[in-house]
């Protein structure tokens, strides 16, 4: 190492080298900076241009939208012979016999909460087929009795949570889930997963999509053997992601639909999703597939009737809808039929069916107000009193703050001339993540009524990007599948 | 039945009301009459009236009687104007059949200034979710003045205000916006804060002379004015639809940058150019505001100019209050700490706005 003399730190030559390096770095940095004053203009100008391009790209992406049309998939929806209940009548017959058997058990062992819970379950099952609110009311009373008879640390908590979700009573559902979580014998993983998923449902109905999504993921982790694809599909559809929703519905059909009825309901939901993005023909095929899977179901008949009317075959649509209204006494079907008659300009027929529906909605509002008030508001808006519609929509919004409830409220507000408030409600739905053609269509309408031509045009574009058929006059006929 | 299956069945059909076809009425005012062009969806007419929608003689007579009973126009003193319905027919304009008609209301002498009150019960008297959109034609354009529906079947309107009134209203809107939109003013104030100073070796080193300072300030204010005027007019006339979130965030950023510049020179001597550049961004915010507040101002050059003049007048008023004390203070020893403190406060405000506005950009 002889002859090598270490240079002291900070010596003049090294400092000079360091200064030179710094100078070079500085020079390089300066080379990137604008050298002339006018070049400074480019910075904000570029920012403005970037904003404009980003906006243009965002609008283009929205306008291109999902366009893939789905058809009923024979492989995914294949009907296995061992699936129970070949058709609606068969299912109804089984529900009736289950009910009669459960009623006998309660009669033979009065005061036993497990048997009362079984009878309540049979009533709920029958309700899901018939929409008979008397059955639902009896189920609620039976669950209350079962609670009274159950020893501390037990009780039909989970069943009550299911019942509360059916009646849209979110507070009761939450309390029941709390009760289920505090039972003396901890629920198994499958029940715990379902409880978590139900909390997700509650969050979704309250307008909190993020929490709903998190709960569904947590539920899937709690019991990996269970499928929560159906719920994920509903969430995706609420977000306007129809491709994902349809894929998840198909997965739900494979993974969790163990009956023809369940598969038919999933086929209907896919049809509704297709209709929501303007694929009426595909929707009709899915409704027909649902009929093949589970023939004779009134809910399927109502969807098919509506699809026929939307496709222009008003006579066939009316005939089928009238069959549902007459045979099953559903007020939704009566309202849909009244709207078909209104669309045809037949006031007498329209009012006749609307009046029949009004009487049933009045009865249902007494039996299960939380479950009926949104539908009753919808009826009032089309055939009744706008002020009453607003009161019902407001009551509904007080318990459920999801996109559909805000849209109903906005439409009631529009009917009462409160456009600014309607726009706020719709904006809240969009801010919370809801995307649908009816939301943007209502936004457009409210903006137009408020005199905001640009706002109306902008919302109209967004509505059309989701569903190109949304502003067609026939859309008023969509009572079951507005999506 | 498992809980999961019950849960699937518990998802009910949502209810949120329907889009139904509605009526449209466009009012034209001329010196001697009011003309109303009417479009009513034929099915809604047939449903509401129980009449047939057709072009037969009886059907048209029924329609004429139906409309005549449900439309009245009155003057400010309550006098009902006579009405003549013309060009009545059922025809397809776009989509299904419509009932089309034109109603004429001759005006008595001296009554053309309005206000007028239109009572409209066509269809809405018996259909709760039907409304008629009422527009007022103004040259080739028409603007919505409101709607009538079952709960409110009256609407009052006056002919369009004069160009001068519109101009003054636009100027007032511009002035109010700048007076209440502190970000625009703080951006300008931050630029002016260091305007009496010249930089050397990346520090504010000397105080400019009075004339030089005024010249420099004039350049900044002019640059800002030119910048925001260009984008305000371009966005208004070009009907740009920029999202407010990113624009507002950029404005907050402009406040932060200029506030930092007031503390330590970042772009000394180029303030006028920076004011022009960021002025372009501020102009976009003005355009968004004016489009939200009044679309008639937004797409009309004279009213846009009025809006801009309102901004400038308010700006000049603020400058008249701020510049003299600033020039006086700049020659005092305490100015340096005051400038740094002022710059820091403005920078903090800018950061706070940036923090508030960035989520909208990310979303």
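The values are calculated or read from the model by the stated rules, or taken from the named source; none is laboratory data. It should be emphasised that the depicted structure is a prediction, and the values quoted were computed from it without experimental measurement. Cβ: placed from backbone, ideal geometry, glycine included. Neighbour counts: every protein chain shown.
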Checklist entry - When you look at residue B:79, is it modelled with pLDDT under 95 and surrounded by 21 or more Cβ atoms within 10 Å (Cβ to Cβ), yes or no? => result no
Next on the checklist: One residue is enough: does region B:139-148 have a residue meeting the conditions surrounded by 21 or more Cβ atoms within 10 Å (Cβ to Cβ), closer than 19 Å to residue B:21 by Cβ and either more than 14 Å from chain A (Cβ to nearest Cβ) or over 18 Å from the mean Cα position of the chain (by Cα) (or both)?
Outcome noted: yes
Item to check | Subset of region B:50-66 (residues that are surrounded by 22 or more Cβ atoms within 10 Å (Cβ to Cβ) and modelled with pLDDT of 95 or more) | outcome: B:63
Next on the checklist: Just checking, does region A:432-440 include any residue being in a helix (DSSP H, G or I), out of contact with any strand residue (DSSP E or B) (no Cβ under 7 Å at 6 or more places or on another chain) and over 20 Å from residue A:462 (Cα atoms)?
Outcome noted: no
Checklist outcome for this item: Among helices (runs of 4 or more DSSP H) entirely inside region B:244-359, those with 3 or more residues being over 29 Å from the mean Cα position of the chain (by Cα) and away from chain A (no Cβ under 11 Å) are B:244-263, B:301-329
Checklist entry - Among (1) assigned to a loop (DSSP other than H, G, I, E, B); (2) under 30 Å from residue A:381 (Cβ atoms), where does residue B:78 come up short? => result (2)
Next on the checklist: Just to be sure I understand, how many residues within region B:45-68 are at the interface with chain A (Cβ under 8 Å from one of its Cβ atoms) and in contact with a strand residue (DSSP E or B) (Cβ under 8 Å, 6 or more places away or on another chain)?
Outcome noted: 2
Item to check | Residue identified as touching a residue at least 40 places away in the same chain (Cβ under 8 Å) and within 30 Å of residue B:202 (Cα to Cα) among B:268, B:246, B:325 | outcome: B:268
Checklist entry - Under the condition of being within 8 Å of chain A (Cβ to nearest Cβ), on the phi < 0 side of the Ramachandran plot and modelled with pLDDT under 80, which residue from region B:213-243 is surrounded by the most Cβ atoms within 10 Å (Cβ to Cβ)? => result B:242
Checklist entry - Any chance region B:249-258 includes a residue that's crowded, with 23+ Cβ neighbours inside 10 Å, assigned by TED's automatic domain parsing to the domain that holds residue B:284, within 25 Å of residue B:348 (Cα to Cα) and free of Cβ contacts under 8 Å to residues at least 40 places away in the same chain? => result yes
Item to check | Selected residue (only one of A:410, A:429, A:420 is part of a helix (DSSP H, G or I), in contact (Cβ under 8 Å) with a residue 24 or more places away in the chain, within 16 Å of the chain's Cα centre (by Cα) and more than 8 Å from every other protein chain (Cβ to nearest Cβ)) | outcome: A:429
Checklist outcome for this item: In region B:315-336, residues that are farther than 20 Å from residue B:212 by Cβ and in contact with a helix residue (DSSP H, G or I) (Cβ under 7 Å, 6 or more places away or on another chain) total 2
Checklist entry - Restricting attention to region A:328-338, which residues are at pLDDT 95 or above and more than 22 Å from the chain's Cα centre (by Cα)? => result A:334, A:337, A:338
Checklist entry - Among the listed residues B:216, B:184, which satisfies the condition of being closer than 15 Å to residue B:286 by Cβ and in contact (Cβ under 8 Å) with a residue 12 or more places away in the chain? => result B:184
Checklist entry - Looking only at residues in region A:203-238 that are in contact with a helix residue (DSSP H, G or I) (Cβ under 7 Å, 6 or more places away or on another chain) and touching a residue at least 60 places away in the same chain (Cβ under 8 Å), which one is farthest from residue A:397 (Cα to Cα)? => result A:237
Next on the checklist: Condition first: surrounded by 23 or more Cβ atoms within 10 Å (Cβ to Cβ), in contact (Cβ under 8 Å) with a residue 12 or more places away in the chain and under 17 Å from residue A:128 (Cβ atoms). Can you find one or more residues in region A:171-183 that meet it?
Outcome noted: yes
Checklist entry - Here are some residues: A:309, A:315. Which one is surrounded by fewer than 21 Cβ atoms within 10 Å (Cβ to Cβ) and either within 14 Å of chain B (Cβ to nearest Cβ) or over 27 Å from the mean Cα position of the chain (by Cα) (or both)? => result A:315
Next on the checklist: Among the residues in region B:20-31, are any more than 30 Å from residue A:479 (Cβ to Cβ), at pLDDT below 90, under 35 Å from the mean Cα position of the chain (by Cα) and not in a strand (DSSP E or B)?
Outcome noted: yes
Checklist entry - Does residue B:71 meet the test of being surrounded by 15 or more Cβ atoms within 10 Å (Cβ to Cβ), away from every other protein chain (no Cβ under 14 Å) and under 36 Å from the mean Cα position of the chain (by Cα)? => result yes
Item to check | Sole residue being in contact (Cβ under 8 Å) with a residue 60 or more places away in the chain and over 27 Å from residue B:330 (Cβ atoms), chosen from B:232, B:210 | outcome: B:232
Checklist entry - When you go through A:236, A:258 one by one, which is the residue that is within 14 Å of chain B (Cβ to nearest Cβ) and either assigned to a helix (DSSP H, G or I) or within 19 Å of the chain's Cα centre (by Cα) (or both)? => result A:236
Checklist outcome for this item: Flagged in region A:444-461 as more than 8 Å from chain B (Cβ to nearest Cβ), crowded, with 22+ Cβ neighbours inside 10 Å and in contact (Cβ under 8 Å) with a residue 24 or more places away in the chain, in numbering order, are A:446, A:447
